[in-house]
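The values are calculated or read from the model by the stated rules, or taken from the named source; none is laboratory data. What you see is a predicted model; the values in this text were computed from it and never measured. Here the Cβ positions follow ideal geometry from the backbone for every residue, glycine too, while neighbour counts run over all protein chains shown. Ligands, DNA and RNA are stripped out before the accessible areas are found, and what is left, the full protein with its side chains, is counted by its heavy atoms. Shrake-Rupley method; radii C 1.70, N 1.55, O 1.52, S 1.80 Å.
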Amino acid sequence: MPSTEERLSPERPPSARTPPAEAEAEAETATGTGTATGTGTATGTGTATGTGTATGTRTATGTRTATGTRTATGTATGTGSATGTTTETGPGSEPSPTRTAPQVPTSTPRHRGRRRALLALFCAALMALHSLVPNTALNLGSLFQTVLPWTGLAVPLLLALAAVRRSRLAAVAVLAPALVWATLFGPALTGKRSAEAPGTTGLTVLGHNVDEANPDPAGTARALARADADVLALVELSEGSTPVYARELAATHPHHAVLGGVGLWSRHRLTAVAEVEIMPWTRALRATAETPEGPVAVYAAHLASVRVSGAGFTTARRNEAARKLAAALRAEAAPRVVVLGDFNGTYQDAALAPVTSQLRSAQREAGKGFGFTYPAAFPVVRIDDVLVKGVTPLASWTLPATGSDHRPVAARLRF
């Protein structure tokens with residue numbers, strides 16, 4: 001019976017017939033590593049199917065063209081598996097599927113949210129070390145310390161970012177700024193008003209920036225009279241409004257002294273009235289209130305204004321005024337001192353340390369809440385304050401808005 005090759009290629013001479021061992025190479029698997037490029041043409045007929053082992057010489061008829069990349073390891077006479085990607089075109093070829101490498105995750109759950117966690121720790125450090133933030137660039141230290149209570153808003157924001165990232169690490173890190181903020185301002189949210197025993201001697205004081213542009217100075221004066229304070233310290237008086245306050249307050253506060261744009265009204269006699277030179281024009285005065293419990297040195301002060309602009313937080317004149325006021329306070333001989341007014345800065349502002357290091361804030365010791373005073377319509381900072389030395393604050397509070405752009409502040413003091 002004729003062989004398979006003879007039936008497929010009857011015109012092939014007997015000398016060119018393929019030995020039986022070579023016929024078994026019609027199905028093969030290349031092993032080892034190698035790259036076949038170019039075009040090869042062989043005589044005879046061969047079809048590579050399945051897997052087999054070949055020895056000797058493979059002879060095939062027709063044309064087989066390989067395109068793409070074929071990679072094999074070892075030699076063509078061994079037995080193994082083909083590796084790589086082979087794309088063949090032409091008779092007897094079939095396209096091979098292309099394998100795609102599995103995607104490698106870019107991060108693991110353990111490291112997810114690491115940047116957000118670092119951001120939370122940075123916020124905590126910034127809050128805790130706020131007094132060390134320098135004013136060398138644009139006075140950013142004073143600006144940051146002015147809005148320091150509002151840094152608590154970073155806590156819910158950081159929690160939201162952690163939730164979006166689904167990171168437990170970032171969520172746990174938010175505890176750091178939350179604890180720092182609670183340490184700094186938690187006591188302010190609780191009432192610290194002291195109970196006043198019957199017969200306690202003391203003094204109620206009130207300070208207010210009445211605003212030169214106040215459209216209703218008379219109404220403001222009547223509101224201040226109803227506050228029932230023993231001493232009033234008013235700043236930003238104008239030539240037109242000063243007589244109005246004198247007239248409206250005469251019945252409740254018969255003693256008063258006005259120098260420039262600042263003034264004191266008192267139920268008790270005022271002595272030793274003098275200007276405190278903190279600026280080229282009068283912005284502060286000092287007087288002694290002769291109370292039944294003893295004399296008290298009372299200051300009304302209005303430090304220079306500040307602005308936020310392209311040049312940063314402009315505080316140079318205010319800081320200079322604070323240093324001059326601090327010098328006057330160091331020279332003060334009276335054991336009891338009360339300073340009321342508009343400081344154009346908060347108690348936390350390190351630039352005001354020359355003043356605040358000598359005095360205590362009545363709001364911080366005996367007030368409830370932050371006691372924000374500016375702007376009056378929606379106050380976000382406390383730049384008006386009652387600062388004391390030699391007396392004990394029993395209570396501190398902020399009064400409702402008047403016709404001014406600031407809100408009044410008041411405190412009850414015990415001798």
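Set the Förster radius R0 to 35 Å, insert the Cβ-Cβ distance between A272 and A250 as r into 1/(1 + (r/R0)^6), and round the FRET efficiency to 0.05.
On the way: r = 22 Å, r/R0 = 0.63.
In this case the efficiency is close to 0.95.
Find the accessible area per residue for the range 211-256; the probe is 1.4 Å, ligands and nucleic acids are left out, and the unit is Å².
On a per-residue basis, 46 Å².
In square angstrom, what is the accessible area per residue of the range 106-196 with a 1.4 angstrom probe?
Using a 1.4 Å probe on heavy atoms only, each residue of the range 106-196 averages 64 Å².
Calculate, for the range 264-316, the solvent-accessible area per residue in square angstrom, rolling a 1.4 angstrom probe over the heavy atoms of the protein chains.
Values: 2200 Å² over 53 residues.
Result: 42 Å² of accessible area for each residue.
When the scattering of the range 129-252 is computed by the Debye formula from its Cα atoms alone, each counted once and equally, what is log10 I(q)/I(0) at q = 0.15, 0.17, 0.19 Å⁻¹?
-0.92, -0.97, -1.03
Roughly how many percent of the accessible protein surface of the range 211-312 is carbon and sulfur, given a 1.4 Å probe and a whole-percent answer? List each step's numbers first, then the result.
Details: 2220 of 4360 Å².
In the range 211-312, the share of accessible area belonging to carbon and sulfur is 51 percent.
Show me 166-172, 116-122, 284-290 ranked by packing, highest mean number of other Cβ atoms within 10 Å first.
Numbers: 166-172: 17.3, 116-122: 18.9, 284-290: 22.1.
Ranking, from highest mean packing down: 284-290, 116-122, 166-172.
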